[in-house]
Protein chains: 2
Amino acid sequence: MKATPLTVASIVEAAADLADATGFDSVTLSAVARRLGVRSPSLYSHVKDRDALLEGVTVLALTELASRVSVAVAGRAERSALEALADAHRDYARESPGRWDALQRPVGEEAARSAGARDIVALTAAVLRGYPLPESEHVHAVRFIGSTVNGYLRIERNGGFAHSRPSAAVSWHRIIDALDAALRAWPAPSEGERP
Amino acid sequence: MKATPLTVASIVEAAADLADATGFDSVTLSAVARRLGVRSPSLYSHVKDRDALLEGVTVLALTELASRVSVAVAGRAERSALEALADAHRDYARESPGRWDALQRPVGEEAARSAGARDIVALTAAVLRGYPLPESEHVHAVRFIGSTVNGYLRIERNGGFAHSRPSAAVSWHRIIDALDAALRAWPAPSEGERP
DNA sequence: CGATATACCTAATGCTATTAGGCTTTGTCC
DNA sequence: GGACAAAGCCTAATAGCATTAGGTATATCG
């Protein structure tokens, strides 16, 4: 009867697909079970609880995003690499809105230690190579880029730009320009700011 | 018997307090009703549904944040104003985590049109006065600042910086420095980027 | 062939949002 | 002052959700 037996991976994938299709908040164990043609208690043999399932979607999204970023920035440097990194994030957020939302939740142990998370940080740091920043400033610059890109996409997604002109699309390039400018003009740390 | 009769304002405030105390997701009509010493169906006379209640908390948070930012940036300019604006956001996020979470949800009509939202945008634009940006670039710069500040605080809050060194506190000042640098070195729009 | 483990199932509990309709208190109009 | 009406709260009921407990069939292994 069972065409495919349930596995953690298939459950997480179904949850991610459901998130993309009907919104992250609609990812309930019931809905995922329905989609898999199974009763919800059956999922508990494979997944600890709902929170663990959502964490699984987060890890999946991190992995997928890392892969896209990796391809995007390969063979590029400086502004071109920065733009590719940002656009990879934006494309992912657009194409997989539910998976993207999974990235915007408190990170658990598993997600924090995941290869995807590590890779994204490493790839962001790699983009900095072309810029005149001392190694000691890389952490801060990575956080800066991450904050701006994520912050922008989140506000755009939440409709924060929808009620004002010009459209968010126009600002996107200006924001990347500004990031590029900030990295070129990266300020020297003052007295109390050195770690 | 009724010390204070139920009002929309008292319900929204109770919801906001509950969000700060036990997390935004724990703001259920049941819990709010309990806190008010009332049965949950009674709330429906004042509030359309749970979503409207949460939207109310968002509007409240926007109002409070606008007020704080307003006080913070008064009498300051340039980097000092920028830092005050960012710190006002950060302080609010710390002191009222639940209310702050209310700011991170899809904005409804009411929140988008609220005075608080408008004020925060206006105050952010005011910070730009000291910087050499043409008026036409202000929209983009406001979005840039908003994205970075919100993005940083969100990642910090979600624990995204918790697993790496140095602590998030150190980066915060570097991020403000970087924002300041970006505004000073604001790039001229290229061909296709002019609205 | 029988024992065991796997992988699903049904049943049950307790939480939530939400709707429908009742009761009690309070103010209002004559 | 008294009848009336409207607030403003209540109880009752439905339906969906997460989660636990325990049953059953199928396939594996000795």
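Across the range B:23-42, the number of residues qualifying as of a type in the set (S, T, N, Q) and either touching a Pro at 6+ places or on another chain (Cβ under 8 Å) or more than 11 Å from DNA strand D (Cβ to nearest atom) (or both) comes to 1.
Which one is least open to solvent (accessible area, probe 1.4 Å) among residues in the range B:1-30 that are closer than 27 Å to A:P106 by Cα and either of a type in the set (F, W, Y) or within 9 Å of DNA strand C (Cβ to nearest atom) (or both)? Within the range B:1-30, the match that is least open to solvent (accessible area, probe 1.4 Å) is B:V27. Of everything listed in (1) away from chain B (no Cβ under 14 Å); (2) more than 16 Å from DNA strand D (Cβ to nearest atom), the single unmet condition for A:L53 is (2). Among the residues of the range B:165-189, the ones that are farther than 22 Å from A:S190 by Cα and at the interface with chain A (Cβ under 8 Å from one of its Cβ atoms) come to 2 in all. Screening the candidates A:A111, A:A81, A:A66 for the property of being aliphatic (A, V, I, L, M), more than 22 Å from A:W172 (Cα to Cα) and buried (at least 16 other Cβ atoms within 10 Å of the Cβ) yields one hit, A:A111. The set of residues in the range A:153-176 being open to solvent by 20 Å² or more (accessible area, probe 1.4 Å) and assigned to a helix (DSSP H, G or I) consists of A:R154, A:I155, A:E156, A:R157, A:A169, A:V170, A:H173. Candidates are the residues of the range B:31-56 that are within 22 Å of B:P106 (Cα to Cα) and in a helix (DSSP H, G or I); the one that is nearest to DNA strand C (Cβ to nearest atom) is B:R50.
Residue-level check: of (1) open to solvent by 40 Å² or more (accessible area, probe 1.4 Å); (2) under 27 Å from A:D25 (Cα atoms), A:N150 misses just (1). Reported count of residues in the range B:66-94, each being closer than 15 Å to B:R157 by Cβ and in contact (Cβ under 8 Å) with a residue 24 or more places away in the chain, is 5.
Among residues that are touching a residue at least 60 places away in the same chain (Cβ under 8 Å), at the interface with chain B (Cβ under 10 Å from one of its Cβ atoms), out of contact with any strand residue (DSSP E or B) (no Cβ under 9 Å at 6 or more places or on another chain) and under 20 Å from B:A86 (Cα atoms), A:V142 is not included.
If you go through the range A:31-42 one residue at a time, do you hit one that is crowded, with 21+ Cβ neighbours inside 10 Å, out of contact with any Phe, Trp or Tyr (no Cβ under 8 Å at 6 or more places or on another chain), free of Cβ contacts under 8 Å to residues at least 24 places away in the same chain and of a type in the set (A, V, I, L, M)? Yes; the residues of the range A:31-42 include at least one that is crowded, with 21+ Cβ neighbours inside 10 Å, out of contact with any Phe, Trp or Tyr (no Cβ under 8 Å at 6 or more places or on another chain), free of Cβ contacts under 8 Å to residues at least 24 places away in the same chain and of a type in the set (A, V, I, L, M).
The values are calculated or read from the model by the stated rules, or taken from the named source; none is laboratory data. Note that the coordinates shown come from a computational prediction; the quantities given were computed from them, not determined experimentally. Note: ideal-geometry Cβ built from the backbone for every residue, glycine included; neighbour counts use all protein chains shown. Accessible surface areas use protein heavy atoms only, side chains included; no ligands, DNA or RNA. Shrake-Rupley method; radii C 1.70, N 1.55, O 1.52, S 1.80 Å.
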